[in-house]
Amino acid sequence: MPNLHDIERRINSVTSTKQITRTMEMVAAAKIRRATDRVFNALPWANCISDMLISTAKYAPLDSEPLLITHDEVKRAVVVVVTSDRGLAGGFNSNVLREAEKLIKAKEKQGIEVEVIACGKKAIGYFNYRGVKPIFEFRDLSADPTYEEAAEISAYIGEGYNHGYENGQIDEVTLVFNHAKNGAEQTLIVQQVLPINMMSFADVLGLEPKEEDVLEPYRDGEKKIPGDVDFEPDAATVMHQLMVAYLRNTFYYALIDSAAAEQGARRTAMKSATDNATEMAETLTRLYNRVRQGAITTEISEIVGGAAALED
Amino acid sequence: MPKFRCTVAIPTRELFHGEIEYAQIPGSEGDLGVMAGHEMFVCTNRPGVLTLTLDEAGKDKRYFVTYGGFAQVLDNNLSVLARMGKDVDSIDVEELTAKAAKLREAIAQLEGKGDDQSTALLETHRTKLEWYDLQLKAVGAVK
């Protein structure tokens with residue numbers, strides 16, 4: 001039987017842990033709002049650029065666009081892994097990392113050389129520990145990702161200092177991140193970024209269409225664009241620049257989406273931790289009372305026993 | 001004159017959404033004027049000032065300084081998507097001058113290093129500095 005002092009110490013410890021987890025839950029809940037607002041604000045640009053790309057693609061010479069060409073043989077691939085800087089978010093990071101490692105192993109088995117770009121301290125630590133040195137590391141940005149970070153990733157793999165996709169040095173780029181489906185649910189997305197697949201942005205992430213989506217009938221082919229569309233300077237240049245912008249946006253959206261998902265995951269994890277702590281504190285209090293009652297009963301029976309012995 | 005719908009957005013947010021009378025866009029090959037019923041086009045933009053006229057008399061104007069990006073007219077809808085953009089009225093000259101000076105120092109420090117990540121960072125810093133200078137120039141031009 002544990003003694004009263006030990007149980008009391010454990011109750012105190014569980015209660016103070018509960019206080020911390022409850023505070024973290026509330027902090028995450030407040031941060032979710034800011035993170036989802038950021039995703040919401042980024043939507044007009046994201047939707048517009050993908051619509052523009054699709055409507056331009058109908059007129060531009062696609063076979064000469066370097067970012068659209070699928071390389072015949074995949075020799076070198078890049079996997080961009082987006083995780084958080086901090087833990088205590090349930091399976092948020094481990095899901096992404098497990099999937100990324102599976103993907104890397106599968107590619108290496110096919111004889112493809114794989115490079116990793118790690119966003120978030122958790123990914124950096126995980127890969128470095130396993131002897132995989134990420135070619136790019138981004139830390140302290142998982143809660144507030146910047147467009148510049150996305151531009152850097154995209155510059156490296158797309159336009160890339162003589163070793164990017166456009167120069168045929170990288171043959172495939174995959175992005176692994178958590179998508180914030182809603183405040184409480186996250187879905188793991190493994191998205192092929194390059195070669196670019198011509199799916200509308202909303203379709204990839206399963207987003208609700210905008211209320212007044214004037215371009216939708218054109219996309220679906222219901223309405224034909226009357227006459228020609230003018231391009232300045234020319235269709236190929238516009239198409240290429242749109243592709244680059246689209247690529248940057250894909251990374252930016254993944255980063256902010258993952259930031260929103262992180263807060264959602266943390267809130268869920270901290271909520272269940274708080275619930276568990278409450279339950280544990282209740283059980284321990286019950287045990288404490290039982291032990292205390294037991295001690296009192298023993299004491300009384302000892303007194304009564306002693307008195308009875310004196311009477312005799 | 002009939003009005004038409006216009007959206008100005010940057011990757012992080014929407015800067016303007018509403019009905020306008022006339023737009024002057026800094027296209028890569030020269031300025032473009034857009035009114036209702038303009039033929040369809042897609043163009044790349046150069047860094048410059050985008051002017052939106054909201055009323056027929058031309059008194060209610062909005063100025064946005066934009067860096068790169070695209071403009072598209074499709075079915076009487078104008079979308080201007082800039083890489084970076086700001087309402088000229090919201091530019092704080094003093095703050096911006098200080099930021100630009102700090103950035104120049106950071107660039108000078110990075111210039112010696114040759115690794116991939118530093119090169120990428122240097123590129124980002126240079127673009128940012130260009131953007132700050134553009135804003136300062138735009139404030140002088142508009143005000």
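The values are calculated or read from the model by the stated rules, or taken from the named source; none is laboratory data. Quantities reported herein were computed from a predicted structural model and do not represent experimental measurements. Using ideal geometry, Cβ is built from the backbone for each residue, glycine included, and neighbour counts are taken over all protein chains shown. Surface accessibility is based on the protein's heavy atoms, side chains included, excluding ligands, DNA and RNA. Shrake-Rupley method; radii C 1.70, N 1.55, O 1.52, S 1.80 Å.
If you place +1 on the Cβ of every Lys and Arg, -1 on the Cβ of every Asp and Glu, and leave all else neutral, what size is the dipole of region B:4-88 about its Cα centre, to the nearest 20 Debye?
Dipole size: approximately 400 debye.
For B:Asp92, A:Asp85, give me the order by solvent-accessible area with a 1.4 Å probe, most accessible first, ignoring ligands, DNA and RNA.
Final ranking, largest accessible area leading: B:Asp92, A:Asp85.
How shielded is A:41-52 by partner chains, expressed as the average number of their Cβ atoms within 10 Å of its Cβ atoms?
Per-residue shielding by partner chains comes out at 6.
A:Ala77: net charge of surrounding residues, Cβ under 12 Å, Lys/Arg +1, Asp/Glu -1, itself excluded?
-3
Using +1 on the beta carbon of Lys and Arg, -1 on that of Asp and Glu, and nothing else charged, what's the dipole of the protein assembly as shown about the Cα centre, debye to 20?
I would put it at about 1240 debye.
Longer than 22 Å from Cα to Cα, which of A:Lys105/A:Lys133; A:Lys75/A:Lys105; A:Lys181/A:Lys271; A:Lys18/A:Lys122; A:Lys58/B:Lys3 are they? Say none if no pair is.
Violating the 22 Å Cα-Cα cut-off are A:Lys18/A:Lys122; A:Lys58/B:Lys3.
Tell me, Kirkwood radius of region B:91-142 from alpha-carbon pair distances, in Å?
11.7
Report the local net charge at A:Gly264: Lys and Arg +1, Asp and Glu -1, summed over other residues whose C-beta lies under 15 Å from its C-beta.
Residues near A:Gly264 contribute +4 overall.
Check the straight Cα-Cα distances from B:Lys128 and name the lysines below 25 Å, setting aside those fewer than 8 residues away within the same chain.
B:Lys86, B:Lys99, B:Lys102, B:Lys113, B:Lys137, B:Lys143
Using per-residue counts of other Cβ atoms within 10 Å, averaged over each peptide, order B:129-138, A:148-157 from highest down.
Per-residue Cβ counts within 10 Å, averaged per peptide and sorted highest first, yield A:148-157, B:129-138.
Determine the shape class of region A:24-158: with a ≥ b ≥ c the square roots of the Cα gyration tensor eigenvalues, call it rounded for a/c under 1.5, and otherwise prolate if a/b is greater than b/c, oblate otherwise.
oblate
Report the antiparallel proportion of the DSSP beta bridges in the protein assembly as shown as a percent, rounded to a multiple of 5.
65
Using packing as a proxy for protection, rank B:77-86, A:133-142 so that the peptide with the highest average count of other Cβ atoms within 10 Å comes first.
Packing order, densest peptide first, comes out as B:77-86, A:133-142.
Could you sort the residues of region B:99-136 by number and keep only those whose accessible area is reduced by 10 Å² or more in the all-protein-chain setting relative to the chain alone, 1.4 Å probe?
The answer is B:Asp116, B:Gln117, B:Thr119, B:Ala120, B:Leu121, B:Glu123, B:Thr124, B:Lys128 - residues whose exposure falls by at least 10 Å² when every protein chain is included.
Work out the mean other chain Cβ neighbour count within 10 Å for the residues of B:36-48 and drop it here as an integer.
4
Given charges of +1 on the Cβ of Lys and Arg and -1 on the Cβ of Asp and Glu, with all other atoms neutral, how large is the dipole of region A:1-125 about its Cα centre, in debye to the nearest 20?
So the magnitude is around 680 debye.
Calculate the mean, over all residues of peptide B:77-86, of how many other protein chain Cβ atoms lie within 10 angstrom of the residue's Cβ.
Rounded to a whole number, the mean comes out at 3.
Considering only protein heavy atoms and a probe of 1.4 Å, how much of the accessible area of region B:91-142 is carbon and sulfur, as a whole percent?
Accessible surface attributable to carbon and sulfur in region B:91-142 totals 51 percent.
Kindly report the accessible area of region A:236-299 per residue (heavy atoms of protein chains, probe 1.4 Å, no ligands, DNA or RNA), in Å².
For region A:236-299, the per-residue accessible area is 40 Å².
Taking R0 as 30 Å, what FRET efficiency do you get between A:Thr187 and B:Asp116 from their Cβ-Cβ distance, rounded to the nearest 0.05?
0.40
How big is the A/B interface in buried accessible area, both sides summed, 1.4 Å probe, to the nearest 100 Å²?
Buried area (both sides, nearest 100 Å²): 3300 Å².
Highest mean first, what order results for B:10-17, A:89-96 on Cβ atoms within 10 Å?
With the highest mean Cβ count within 10 Å placed first, the list reads A:89-96, B:10-17.
Compute the relative contact order of region B:91-142 as a whole-number percentage, counting only Cα pairs closer than 8 Å that sit 6 or more residues apart in sequence.
Contact order relative to length: 53 percent.
Net charge within 13 Å of A:Asn12 by Cβ-Cβ distance, Lys/Arg positive one each and Asp/Glu negative one each, not counting A:Asn12 itself?
Neighbourhood net charge equals +1.
Work out the P(r) tail for region B:4-88: percent of alpha carbon pairs separated by more than 21 Å, whole number.
That tail contains 17 percent of the Cα-Cα pairs.
Mind listing P(r) for the protein assembly as shown? All alpha-carbon pairs, 10 Å bins, whole percents.
The calculated distribution, bin by bin, is 4, 17, 24, 22, 14, 7, 4, 3, 2, 2, 1, 0.
Loop-only check: which trypsin sites (Lys or Arg not before Pro) in region A:80-137 are DSSP coil with at most 16 other Cβ within 10 angstrom?
The qualifying sites are A:Arg86, A:Arg130.
Ignoring everything but the protein chains, give the 1.4 Å probe accessible area of A:Ile124 in square angstrom, nearest 10.
Counting only protein heavy atoms, the figure is 10 Å².
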